[in-house]
Amino acid sequence: MTEQEQLKLNARAAVLKALAHPTRLWLVEQLQQQERCVCELTDGVNADISTVSKHLSLLRQAGIISSRRDGKQIYYRLETPCLLKMLSCVESVIERNAAHHAALV
């Protein structure tokens, strides 16, 4: 493996790692609909603003979402809607695995 290939794989792993939490997946799904402030997102995950902000920060560092400040509020939006296609593919894998497991039972 070349150094360039390794760097590319590391970058991919960083994006997947940022998504590898149920709360962050939920946040991505919520941001597909519209831009939202952190205060709107905390109610949906039953967590405090600090915890949700940390999750959003990880997603922002990975380049998945972006943010803008409006007064005291920070609004977040999904920058990579193509991720939703990948999540749909993940759902297909889950359904196929469930069907395979059901066939074995």
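FYI, it's all coordinate maths here, none of it is from the lab. From a predicted model like this one, the values you see are computed outputs, not experimental measurements. Please note: Cβ atoms are built from the backbone with ideal geometry, for glycine as well, and neighbour counts cover all protein chains shown.
Using a/c under 1.5 as the rounded threshold, could you call the chain rounded, prolate or oblate? The axes a ≥ b ≥ c are square roots of the C-alpha gyration tensor eigenvalues, and prolate needs a/b larger than b/c, oblate otherwise. Present the calculation step by step, with values, prior to reporting the outcome.
Details: a/c = 2.41, a/b = 1.34, b/c = 1.80.
It is oblate, given that a/c is not under 1.5 and a/b is not larger than b/c.
Relative to the first principal axis of the alpha-carbon coordinates of the chain, what is the inclination of helix 83-104, with its axis defined by its Cα atoms, in degrees from 0 to 90 and to the nearest 10?
40
For helix 3-19, report the angle its Cα long axis makes with the longest principal axis of the Cα atoms of the chain; keep it between 0 and 90° and round to the nearest 10°.
Around 70 degrees separate the two axes.
If I take R0 = 30 Å and measure r between the Cβ atoms of GLU95 and MET1 in this structure, what FRET efficiency does the formula 1/(1 + (r/R0)^6) give, to the nearest 0.05? Before the final figure, lay out each step's value.
Details: r = 33 Å, r/R0 = 1.10.
Here the calculated transfer efficiency is 0.35.
Rounded to the nearest 500, what is the chain's calculated 222 nm mean residue ellipticity when only DSSP H runs of at least 4 contribute -39500 (n - 2.57) each, over all residues?
Working: 5 runs with 72 residues, N = 105.
Using -39500 (n - 2.57) per qualifying helix, the result is -22500 deg cm²/dmol.
Given an 8 Å cut-off on Cα distances and at least 6 residues of separation, report the relative contact order of the chain as a percent. Please report the intermediate quantities before stating the final value.
Details: 75 pairs, mean separation 25.8, N = 105.
The value is 25 percent.
Any chance you could give the angle, 0 to 90 degrees and rounded to 10, that helix 22-33 forms with the longest Cα principal axis of the chain?
70
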